[in-house]
Each structure stands twice: as C-alpha cells, then as structure tokens.
Amino acid sequence: MADVMEKIAAIELEMSRTQKNKATAAHLGSLKAKLAKLRRDLIEGSGAKSGPKGEGFDVTKTGDCRVGMVGFPSVGKSTLLNKLTGTFSEVAAYEFTTLTCIPGVIRYRGAKIQLLDLPGIIEGAKDGKGRGRQVISTARTCDVIVIVLDALKPLTHKRLIEHELEGFGIRLNKEPPKITFKKKEKGGINFTPNNAGETTFLDEDTVKQICSEYKIQHADVKLHDDCTDEELIDVIEGSRVYVPCIYAINKIDQITVEELNLLDKMKHYCPVSAHKEWNLDGLLETIWEYLDLVRIYTKPRGVNPDYEDPVVLPRRACTVEDFCNRLHKGIIKSFKQALVWGLSVKHRPQRVGKDHVLEDEDVVQIIKKQ
C-alpha cells in the first residue's frame with residue numbers, strides 16, 4: 001500500500017508541475033489514466049485488505065432506498081439523524097457488524113427511506129487513511145448522498161469531501177459521459193469527435209495516449225458531447241457511480257442572516273439547524289425530490305386500492321414489468337395485461353401492456369392469463 005501511495009503522490013506532483021495546454025494534453029491524459037489505475041489498485045488490492053480484522057462495516061440494505069450522510073467529525077450528522085428519525089420515522093433496529101455506521105428508517109410519503117449516519121470522513125480517505133475507505137465504499141451504495149457541512153466553514157469542507165469522493169469514483173450531481181467506447185479485434189483506435197469535429201477538450205492524440213495506458217490497441221471512441229479526458233477514463237474504468245447529492249448546511253442558528261444569504265448562491269444546498277430543528281421538513285422534501293421515486297398502488301380485483309403500502313420504484317425503471325417484478329419475479333410469466341388508473345393513462349381505467357410507463361400514484365391491477 002505504501003508503494004502505491006508513493007506512486008500516487010509522485011504522479012500528483014508531476015501533474016501539478018505540468019502546464020495545461022494543447023501540447024501537454026496527451027501527457028496529462030496519460031498521467032490521469034495512471035492515477036486512476038493506481039487508485040483502483042488501492043481500493044481493490046492491498047488497500048482493501050489493510051487494517052485490522054473487524055475494522056470494516058456493513059449495513060443490510062432495507063426499505064425502498066438508501067440515503068447516506070457524509071461529513072467531517074462534529075458537523076452534527078448524528079444529531080441530524082436522531083432528530084429526523086425521532087420526528088419522521090418508525091423506530092427500528094437493523095443488524096450491522098460494528099457500531100461505526102448507524103442506520104435509521106424514515107417513513108416518508110409512503111416510502112421507507114434508510115438513512116445512514118456514516119462515520120466522520122477525514123482528508124485522505126480515498127487513499128486509505130482512517131476508515132475513509134469503508135465510509136466511501138458504503139456511500140457508493142446510496143441512492144442519494146447528503147454531505148453535512150458546518151455553516152461556519154462550509155466551502156472548505158465541501159471542496160475536501162468532494163475531492164475524496166471523486167477520488168473514489170463517486171460522481172456527484174453528474175450524468176454518465178456521452179461517450180461510446182467499444183473495444184475491437186483490429187483496426188487501431190478510431191476516434192470520432194462530436195459535432196463534425198468541433199471539440200475543445202479531447203483530441204485524437206490524447207485519446208490514443210489514454211487507451212495506450214490501458215493497453216487498448218483497437219477501439220472505437222465516439223464523442224456525443226464536449227467531453228474531457230477524465231470522462232473518457234471514467235468510461236474505460238467502468239466502475240464509476242453517479243449519485244445525486246445534497247449539501248445540508250447545518251448550524252445555521254450560529255450565523256447571521258447576511259451569511260445565510262451568501263449560501264443561497266450554492267447549488268444543491270439545503271440550510272438546516274439540527275439542534276434547533278429548523279427546516280428538517282425542507283431537507284426531507286429535498287431528499288424526496290432528489291430520490292425521484294414513483295409510488296404505485298396495487299388494486300386486487302374486486303378490492304379497493306391499498307394506499308397505505310405503495311410499491312416504490314425509481315423513475316428510471318417504472319414500467320408495468322418493473323412493477324410486476326418488484327411484487328414477485330414470477331408474475332410476469334403469467335401476465336396478460338394491466339388496468340391502470342392515474343396520470344400515465346388517458347382513460348381510467350385503461351388496459352396496458354408490460355412496457356407501459358407508470359407515473360407517481362398510479363393504481364395498477366394485474367390481469368393474468370387464464
């Protein structure tokens with residue numbers, strides 16, 4: 001692990017000393033690819049096995065989705081979780097291997113949201129310091145990340161935590177790069193820029209250097225947007241996770257109104273005071289918005305819909321087939337059609353097939369083959 005850390009430090013130093021211009025773009029791209037591979041080795045190789053037995057932790061995923069709270073020590077994560085679970089949740093205990101990660105479940109708008117208070121992150125987490133590796137590994141499994149920041153020093157902590165998460169392959173509030181990458185048996189590197197050759201960041205030399213670093217000699221690389229060398233590396237690595245993120249600025253009771261107004265310029269932020277219980281409902285509403293969930297109510301034949309316990313699906317996967325699979329994997333084998341009431345249909349009820357896309361608070365009745 002120490003050897004890997006030394007190599008990472010050497011590459012970061014060389015990158016900091018290299019001027020950024022067209023002449024150095026390919027070299028910098030190669031260095032970034034080397035850095036990405038070393039960090040992957042740190043996570044999957046010696047770094048993943050280091051530390052005393054029992055140092056890691058895991059929490060069984062329960063409920064409809066998972067929200068992780070990340071932040072430096074003493075920013076109020078534990079207080080925030082206690083206030084949220086005390087105000088909005090069912091009290092429940094879930095098994096976990098150590099006391100380093102505290103879970104709670106919030107019942108909100110019919111959905112069960114698992115909320116994790118992850119241990120205080122420290123600078124250098126991505127490089128295996130402290131328990132940062134375990135913290136960020138758990139953060140990768142979350143549907144939304146809430147970065148809890150101290151209102152007295154939010155920007156400094158924000159940059160440090162973002163840097164740690166980025167180094168661990170977590171991309172906050174970003175979409176996957178619009179790059180088509182396909183390996184092939186022969187033909188060399190075939191590079192197609194976006195918009196008939198109009199591109200600012202990536203050129204053919206840089207693409208070939210990055211591919212060479214990964215020992216890729218033959219591939220088709222096509223850009224569908226103005227993409228960067230880091231984005232191409234992300235596509236080649238293939239292990240990146242793209243997670244919505246909210247910045248919860250805690251302890252706003254300790255700053256002035258003028259300072260609070262300055263924070264309004266931040267994107268994706270929500271001001272709260274866990275101690276005073278200010279704007280906790282606003283934070284939950286923001287979490288709900290970023291989760292982007294769809295609630296579907298079941299209606300057995302001859303019975304009123306069950307509005308108490310909806311089937312909760314992510315909006316990106318909410319067809320009738322997804323709904324059936326969430327109920328039971330075997331239902332789709334005998335599926336004939338469905339009756340749907342709600343915003344996704346023009347008539348109520350309307351007969352639809354398994355590919356029909358459902359909307360929030362639709363009511364569905366499944367009709368099976370005779």
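The values are calculated or read from the model by the stated rules, or taken from the named source; none is laboratory data. Because the structure is a prediction, the values reported are computed rather than measured. Cβ: placed from backbone, ideal geometry, glycine included. Neighbour counts: every protein chain shown.
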Are any residues in the stretch 214-252 at pLDDT below 95, over 20 Å from Glu166 (Cβ atoms) and under 23 Å from the mean Cα position of the chain (by Cα), and if so, which ones? His224
Determine whether Tyr242 is surrounded by 16 or more Cβ atoms within 10 Å (Cβ to Cβ) and not polar (S, T, N, Q). no
Among the residues that make up the stretch 318-336, is at least one of them out of contact with any helix residue (DSSP H, G or I) (no Cβ under 9 Å at 6 or more places or on another chain), without any contact (Cβ under 8 Å) to a residue 12 or more places away in the chain, basic (Lys, Arg) and not in a loop (DSSP other than H, G, I, E, B)? yes
Of all residues making up the stretch 205-239, the number that are buried (at least 20 other Cβ atoms within 10 Å of the Cβ) and either assigned to a loop (DSSP other than H, G, I, E, B) or on the phi > 0 side of the Ramachandran plot (or both): 1
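Yes/no matrix, rows are residues, columns are (1) crowded, with 17+ Cβ neighbours inside 10 Å; (2) at pLDDT 90 or above; (3) closer than 30 Å to Ile106 by Cα; (4) touching a strand residue (DSSP E or B) at 6+ places or on another chain (Cβ under 7 Å):
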{"site": "Glu14", "(1), (2), (3), (4)": "no, yes, no, no"}
{"site": "Gly51", "(1), (2), (3), (4)": "no, no, no, no"}
{"site": "Glu55", "(1), (2), (3), (4)": "no, no, yes, no"}
{"site": "Val67", "(1), (2), (3), (4)": "yes, yes, yes, yes"}
Restricting to the stretch 69-100, name every residue that is at pLDDT below 85 and either touching a Pro at 6+ places or on another chain (Cβ under 7 Å) or not in a loop (DSSP other than H, G, I, E, B) (or both). Ser78, Thr85, Gly86, Thr87, Phe88, Ser89, Glu90, Tyr94, Phe96, Thr100
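Taking the stretch 178-198, which residues are hydrophobic (A, V, I, L, M, F, W, C) and either free of Cβ contacts under 8 Å to residues at least 12 places away in the same chain or in a helix (DSSP H, G or I) (or both)? Before the answer, list the steps.
Let us first name the residues in the stretch 178-198 that are hydrophobic (A, V, I, L, M, F, W, C), namely 179, 181, 189, 191, 196.
Passing the criteria: only Ala196.
Condition (residue is at pLDDT 95 or above and in contact with a Lys or Arg (Cβ under 9 Å, 6 or more places away or on another chain)) applied to the stretch 196-203: is it met by at least one residue?
Our first condition is that a residue be at pLDDT 95 or above; within the stretch 196-203, this holds for none.
Within the stretch 196-203, none of the residues are at pLDDT 95 or above and in contact with a Lys or Arg (Cβ under 9 Å, 6 or more places away or on another chain).
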Whether any residue in the stretch 333-344 is under 30 Å from the mean Cα position of the chain (by Cα) and of a type in the set (A, V, I, L, M, F, W, C) is what I want to check. yes
For Asp292, all conditions in the list (1) over 21 Å from the mean Cα position of the chain (by Cα); (2) more than 13 Å from Val363 (Cα to Cα) hold save one; what is the number of the exception? (1)
From the set of residues in the stretch 282-299 that are outside any helix (DSSP H, G or I) and either touching an Asp or Glu at 6+ places or on another chain (Cβ under 8 Å) or free of Cβ contacts under 8 Å to residues at least 12 places away in the same chain (or both), which is surrounded by the fewest Cβ atoms within 10 Å (Cβ to Cβ)? Thr298
When you go through (1) modelled with pLDDT of 65 or more; (2) surrounded by 14 or more Cβ atoms within 10 Å (Cβ to Cβ); (3) of a type outside the set (Ser, Thr, Tyr) one by one for Ala23, which number turns out not to apply? (2)
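Search the stretch 156-212 for residues being under 18 Å from the mean Cα position of the chain (by Cα) and among the acidic types (Asp, Glu), and hand back the single one that is nearest to Tyr242 (Cα to Cα).
Taking the candidates together, the pick is Glu175.
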Among residues of the stretch 158-177 being buried (at least 21 other Cβ atoms within 10 Å of the Cβ) and assigned to a helix (DSSP H, G or I), the residue modelled with the lowest pLDDT is Glu164
